[in-house]
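The values are calculated or read from the model by the stated rules, or taken from the named source; none is laboratory data. These figures come from a predicted structure and were not determined experimentally. We place every Cβ from the backbone using ideal geometry, glycine too, and count neighbours over all the protein chains shown. The area values use the complete protein model at the heavy-atom level, side chains included, leaving out ligands, DNA and RNA. Shrake-Rupley method; radii C 1.70, N 1.55, O 1.52, S 1.80 Å.
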Amino acid sequence: MSWAVEEWKEGLSPRVLQKIHELESQVDKLKKERQQRQYQLDTLEAALQKQKQKVENEKNESAILKRENQSLMELCDNLEKAKQKISHDLQVKESQVNIQSGQLNSSKKDIERLEQELKR
């Protein structure tokens, strides 16, 4: 089959044949260059897709972390409110203990006074 491709060149001058050979060489070179560029393009497109997927994964992870952070912030707020309530309750109870302690001391003094009066 190669002879049929070359058959049309018969009878051409050496100068024209040289020019045809140069053009064919240039075509082969351009085909190889095009293949290389296509390979580079394919490689770059694959890298781009990989980066896009990575960015998408990072966005998803970021969204998850934001939700988790929000949840933890709400939990901290709830714990802080509970702490404040417990602290307030403790203060109220300490105040009640102090009042009762004062009443106890007063009652002890009254008892001692009454015991002293009884002894007289």
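Inside segment 27-36, residues that are under 23 Å from K9 (Cβ atoms) and open to solvent by 100 Å² or more (accessible area, probe 1.4 Å) make up a count of 3. Annotation note: of E115, E80, the sole residue that is modelled with pLDDT under 95, out of contact with any Leu (no Cβ under 9 Å at 6 or more places or on another chain) and either surrounded by 10 or more Cβ atoms within 10 Å (Cβ to Cβ) or among the charged types (D, E, K, R) (or both) is E115. Taking the condition open to solvent by less than 100 Å² (accessible area, probe 1.4 Å) and free of Cβ contacts under 8 Å to residues at least 60 places away in the same chain, does E94 pass? When the stated conditions are applied, E94 passes them.
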